[in-house]
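Below: one structure in structure tokens.
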Amino acid sequence: MTIEAALRRGSSTARAPGVEVRGKFLFTNGEKLYLRGVTYGTFRPQADGTMFPTPEIVEADFRDMVAAHVNAIRTYTVPPGWLLDLASSFGLYVLVGIPWEQHIRFLDDRKTRKRIERAVRDAVRSCAAHPAVLAYLVGNEIPSQIVRWYGRRRIERWLRRLYNVAKREDPGSLVAYVNYPTTEYLDLSFMDFACFNVYLETRERLQAYLARLQNLAGDRPVVMTEIGLDSRRNGLERQAEVLDWQVREVFAEGCAGAFVFAWTDEWHRGGYDIEDWDFGLVNRDRTPKPALATAAKAFTEVPFPANCPWPRISVVVCSYNGARTIRDTFEALQLLEYPDFEVILVDDGSKDASAAIGREFGVRVISTENRGLSNARNTGHEAATGEIVAYIDDDAYPDPHWLHYLAHRFMQSDWAGVGGPNLPPAGDGMIAECVANSPGGPVHVLTSDIEAEHIPGCNMAFRKAALEGMRGFDPRFRTAGDDVDLCWRLSDSGRRIGFHAGAVVWHHRRNSVRTYWKQQRGYGRAEALLERKWPERYNAAGHVAWTGRLYGRGLTTALNRVAGRIYQGRAGDAPFQSVYQLAPGVLASLPLMPEWYLVVLALAALTALGAVWTPLFAAGPLLLIAIGAPFAQAALAAARAAFPDRRGIRAWRHRLLTGLLHVMQPIARLSGRIEHGLTPWRRRGRGWALPFAFTESVWREEWQSIEARTHTIASSFKHQEAAWRPGGDFDAWDFEVRGGTVSSARLISSVEEHGGGHQLVLFRAWPEISNFGLAVIGAASGLALAAGIDGAWPAAALLALTAGAITLRSFWEATLALGVVKSTIAEYREAAK
């Protein structure tokens, strides 16, 4: 075939692919697109400089690719127009690689930088708007030593520049960069999707690393742009065996595509034919290897084989007046490709058409009076016939393979529950987009890349047996908090919760400021209920101390948040270089708390006292800093917010509203917390005891282990609804019981072992005032003394009263905490008789 014939053929059958990014996946014409790809090239240049074989060879290659169920190729050089036309005629997408001098110090010379930009611009211009082009790759594996030389920030800025160059030439295109494990720490979240070249030869390591890449990519798709194995060193059968599970694991872990390296053993680089490795699916003469048939079979079963023994799943939708969005939920549930599932609608006393819409779609409807979300979820799992019960909210809808990914994770281990990400859908309006980039949304908390501490209620699934073992959800949580409570109870019982990045649901965010405010107030109430039930998981200020890392949009970070330390190995030789994120310090974290606004009020009151004693006006600068800190954090968060389709004035409007929501959210949360008793001045404890240290002992006729003793004491604290926490590995005490924010009591126990299994258990407890309380008392007392010396008696009196009130409060809290300890020891003594 001549080049002219190829052009005619391509132009006659060209079609517009319309590939777009939707969350973790790619879609075309409304259908999900899984990239089943191979790499193509690099080849020895032809006499005319063309970097690809002749059209006749390319056409034969493409025909064999299509027969092997390949639907995409990745090139390392810019393809000529006739090759794109041929690809289009065979229905192949082309991932266009743009080569440039990545192995040298390219940022040192202005001419080199301009030449690279020109190369990207010319490459995109030559391919712009071609129906075969899937995306442009503006870089590939910048060597880690070069990145280390310049520093990650300069490289990130440079790649963003190339991204913008490509976008200006072809605004409707997708643009990405191909990374690899040695520079995985690069923050390339501005790219349209994440690409990685990864060569791992054990299934477990690849599976674990794919889960890591999914979390690094966040809301974006992950495409594996190179996987494979060298048949020269490992043998043909081993290549086929490894490639089979490599392809399957890539798609099973929720990736949007995989490109096998390579189509052919033919490989040319640096002016030489490379003949000491054979990664191809076919030989240099195009003779198929066993790996070709293996890859073809795996490609036909993307993302999962149809003959898997999938467990039955019951999907439960709980709704209270959700008619506005629930139709989207049922329409998407009808499109699920999972082979064995049922849908149950629990209508929790709705006054709208929610139940009628459910019947319209033929789902099983259970109508009850309005009893709250937890009761509705319990009704759903009690009626479920599936081995697994999956929950989705009435303002959310699932990805077509949602249940596949959940079930896949369940089948890998004895997970009690599994969740996935919830992403905001496009097109919900300006306010919903801003809310999606604001704090307080449903987020997942991960302790590892596949294990979760918490999965949000809009996208969670549990084994029915696990739900029954926990007696379902706690009915006290009527609107929120039930998912957190269940996750904690499962964790305390020794069961594990998994996470799968591919199990995506689309969750509508609030589309008005008023409903967002109401939602955050409700979350404040849920926090108060959770703190009552789980005081050991909260700190003195009333904030949960997560052991894992929070993932999701809209998270506000501290102003002095350190970017993290990169593990680079000695002289940068580590093959996998990761970022270890450092937590912000206590002072930097304070402005993130809702209670920071109480600090602002206290400083405002102190500054106002300057009217009666001028030196107190010195608190004014501190007041300005206290006010400015949340606004500065909000401005930083708004600047980082993702609005990919917004430019210019429209983007600024979105960022302004997002910043205001970042300021407003903690105020709303604080009002809900205070209204329902979660305050810094909350009283905890039922009894009282004099605020002095004491020692007691208990005689036991039966021997008891340390673990059993601490469990008994902890159970007593829970029964009394005390605010307590266990001592850590470096603490010289066993338990701390808080009477409030300022003071607590600490308890240590020991034992004398006597003959015949008898024990004398020793207890010692003492009051403890926090450094914060001492500092406030000292500051107020010092200011009162200074005001008195200066003759400002009204100010001195107010400050002295403040110091006295806090001192009395500290003593009162200590009596409450020691009272709890006394009661606990008394219960222990009674049980030991």
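The values are calculated or read from the model by the stated rules, or taken from the named source; none is laboratory data. None of the values given here were measured: they were computed from a predicted structure. Cβ sites come from the backbone with ideal geometry, for glycine too, and all protein chains shown count toward neighbours. Heavy atoms of the whole protein, side chains included, go into the accessibility calculation; ligands, DNA and RNA do not. Shrake-Rupley method; radii C 1.70, N 1.55, O 1.52, S 1.80 Å.
Which value in nm describes the separation of the simple spin-label points at ARG154 and ALA832, placed 7 Å from the Cα toward the beta carbon?
Label-label distance for ARG154 and ALA832, simple model: 6.8 nm.
Place a +1 charge on the Cβ of each Lys and Arg in the chain and a -1 charge on the Cβ of each Asp and Glu, then give the dipole magnitude about the Cα centre in debye, rounded to the nearest 20. Walk me through the numbers on the way to the answer.
Working: 95 positive and 90 negative charges, 518 e Å.
Charge dipole, the chain, about its Cα centre: 2480 debye, nearest 20.
Then there's this: Probe of 1.4 angstrom, ligands and nucleic acids ignored: what's the accessible area per residue over segment 336-478, in square angstrom?
Working: 4700 Å² over 143 residues.
Per residue, segment 336-478 has 33 Å² of solvent-accessible surface.
Something else about it: Given 0.36 nm per residue, what is the gain on full extension from ASN370 to GLU101 after removing their alpha carbon distance, in nm?
90.3 nm
Would you mind working out the magnitude of the charge dipole of segment 283-403 relative to its Cα centre, with +1 at each Lys and Arg C-beta and -1 at each Asp and Glu C-beta, to the nearest 20 Debye? Don't skip to the end; give the middle numbers.
Values: 12 positive and 18 negative charges, 111 e Å.
So the dipole magnitude of segment 283-403 works out to roughly 540 debye.
Hey, any idea what % of segment 228-374's accessible area is carbon plus sulfur with a 1.4 Å probe?
Working: 3080 of 6200 Å².
Within segment 228-374, the accessible surface is 50 percent carbon and sulfur.
Right, next: Which net charge results when you count Lys and Arg as +1 and Asp and Glu as -1 among the other residues whose beta-carbon is under 15 Å from that of PRO79? List each step's numbers first, then the result.
Numbers: positive: ARG74, ARG125; negative: ASP48, GLU59, ASP61, ASP85, ASP122, ASP170.
Charge balance in the 15 Å sphere: -4.
So which of LYS32/LYS114; LYS533/LYS822; LYS24/LYS464; LYS351/LYS518; LYS351/LYS718 end up more than 31 Å apart by C-alpha?
Over 31 Å Cα-Cα: LYS32/LYS114; LYS351/LYS718.
Helix 706-719 sits at what angle to the longest principal axis of the chain, using alpha carbons and giving 0 to 90 degrees rounded to 10?
Tilt relative to the chain: about 80 degrees.
If we count every other residue with Cβ under 12 angstrom of HIS500's Cβ, Lys/Arg +1 and Asp/Glu -1, where does the sum land?
Values: positive: LYS24, ARG409; negative: GLU253, ASP399, ASP449, GLU451.
After counting each charged neighbour, the total is -2.
Just the number, please: percent antiparallel of the DSSP beta bridges in the chain, rounded to the nearest 5.
50 percent
Just to verify a number: FRET efficiency for LEU808 and ILE667, C-beta to C-beta distance, R0 = 22 Å, to 0.05? Before the final figure, lay out each step's value.
On the way: r = 30 Å, r/R0 = 1.35.
In this case the efficiency is close to 0.15.
Right, next: On full extension of the chain, what length is gained from THR112 through LEU335, given 0.36 nm per residue of separation minus the C-alpha to C-alpha distance?
Working: separation 223, 0.36 × 223 = 80.28 nm, distance 5.10 nm.
Contour length minus Cα-Cα distance gives 75.2 nm.
Which residues make up the longest stretch of the chain clear of GluC sites (Glu not before Pro) that lie in a DSSP loop with no more than 14 other Cβ atoms within 10 Å, not counting the sites?
Working: sites that count: GLU101, GLU201, GLU275, GLU337, GLU369, GLU701, GLU702, GLU721.
Longest gap between qualifying sites, sites excluded: 370-700.
Which value, in Å² and to the nearest 10, is the accessible area of THR695 when all protein chains are kept and the probe is 1.4 Å?
Surface accessible to solvent at THR695 totals approximately 100 Å².
Could you give the dipole magnitude of segment 704-753 about its Cα centre, charging the beta-carbon of Lys and Arg +1 and that of Asp and Glu -1, in debye to the nearest 20? It would help to have the intermediate numbers written out before the result.
Details: 5 positive and 8 negative charges, 59 e Å.
It comes to approximately 280 debye.
Oh, and also: Ordered by residue, what ³J(HN,Hα) values in Hz, to whole numbers, does segment 531-543 give under the Karplus form 6.51 cos²θ - 1.76 cosθ + 1.60, where θ = phi - 60° and Gly and Pro are x?
For segment 531-543, the Karplus-derived couplings read 5, 5, 7, 10, x, 5, 9, 10, 8, 4, 7, x, 10 Hz, x marking Gly and Pro.
What are the radius of gyration and Dmax of segment 744-790, computed over its Cα atoms and given in Å?
Gyration radius and largest Cα-Cα distance of segment 744-790: 21.4, 71 Å.
With a cap of 10 neighbouring Cβ atoms within 10 Å, and only residues DSSP puts in a loop, list the chymotrypsin sites (Phe, Trp or Tyr not before Pro) found in segment 709-754.
Details: sites: PHE717, TRP724, PHE730, TRP733, PHE735; in loops: PHE730, TRP733.
Passing both the DSSP loop test and the Cβ count: PHE730.
Let me ask something else. If you fit an axis through the alpha-carbon atoms of helix 110-127 and take the longest principal axis of the Cα set of the chain, what angle between them do you get, 0 to 90°, nearest 10?
Value to nearest ten degrees: 70.
Let me ask something additional. For VAL742, what is the net charge nearby, where nearby means another residue's Cβ is under 11 Å from its Cβ and Lys, Arg count +1, Asp, Glu -1? Intermediate values should be presented prior to the final figure.
Details: positive: ARG738, ARG809; negative: GLU768, GLU813.
So the environment of VAL742 carries a net charge of 0.
How large, in percent, is the carbon and sulfur part of the accessible surface of segment 717-833 at a probe radius of 1.4 Å?
64 percent
Rounded to two decimals, what is the ratio between the C-alpha radius of gyration of segment 70-210 and 2.2 N^0.38 Å? Mind showing how you got there, number by number?
Details: Rg = 15.6 Å, N = 141, 2.2 N^0.38 = 14.4 Å.
Ratio of Cα Rg to 2.2 N^0.38 Å: 1.08.
Under 5 Å between amide H atoms, partner at least 5 residues away or on a different chain: which partners does THR77 have, H built in plane at 1.01 Å?
Residues meeting the criterion, in which the H sits 1.01 Å from N, are GLY97.
Then there's this: Projecting each Cα onto the charge dipole of segment 405-522 (Lys/Arg +1, Asp/Glu -1 at the beta carbon, about the Cα centre), which of HIS408, ILE431, GLY502 comes out farthest on the positive side?
Farthest towards the positive pole: ILE431.
Rounded to the nearest whole Å², what accessible area per residue is found for segment 702-833 with the 1.4 Å probe?
Numbers: 6580 Å² over 132 residues.
I get 50 Å² per residue for segment 702-833.
Given a Förster distance of 25 Å, report the FRET efficiency between GLU382 and ASP414 from their Cβ-Cβ distance, rounded to the nearest 0.05.
Given R0 = 25 Å and the Cβ-Cβ separation, E is 0.65.
Moving on to the next point. Stokes-Einstein diffusion coefficient for segment 459-554 at 20 °C in a medium of 1.002 mPa s, Rh from the Kirkwood formula over Cα pairs: what value in µm²/s? Let's see the in-between values first.
On the way: Rh = 15.4 Å.
Translational diffusion coefficient: 140 µm²/s.
Can you find, among VAL544, TRP681, VAL820, the residue sitting farthest towards the positive end of the charge dipole of the chain, where Lys and Arg contribute +1 and Asp and Glu -1 at Cβ?
The Cα lying farthest towards the positive end belongs to TRP681.
To continue, here is another question. In segment 543-557, whose amide N lies under 20 Å from the spot 7 Å out along Cα-to-Cβ of PHE772? List them in ranges.
543-547, 556-557
With everything on Cα atoms, drop me the angle between helix 771-789 and the longest principal axis of the chain, reported from 0 to 90° to the nearest 10.
The answer is roughly 60 degrees.
In addition: Give me the distance in nm between label points sitting 7 Å out from Cα along the Cα-to-Cβ direction at ALA67 and LYS32, one decimal.
3.0 nm
Rounded to whole Å and sorted largest first, what semi-axes of the equivalent ellipsoid does the C-alpha gyration tensor of the chain yield via the square root of 5 times each eigenvalue? Spell out each step's value before the answer.
Numbers: eigenvalues 622, 210, 150 Å².
After scaling each eigenvalue by five and taking roots: 56, 32, 27 Å.
Under 5 Å between amide H atoms, partner at least 5 residues away or on a different chain: which partners does SER367 have, H built in plane at 1.01 Å?
Distant-sequence amide H within range of SER367: ASP347.
Once you keep just the Cα pairs under 8 angstrom separated by 6 or more residues, what percentage relative contact order results for the chain? Don't skip to the end; give the middle numbers.
Numbers: 1653 pairs, mean separation 70.5, N = 833.
The normalised contact order for the chain reaches 8 percent.
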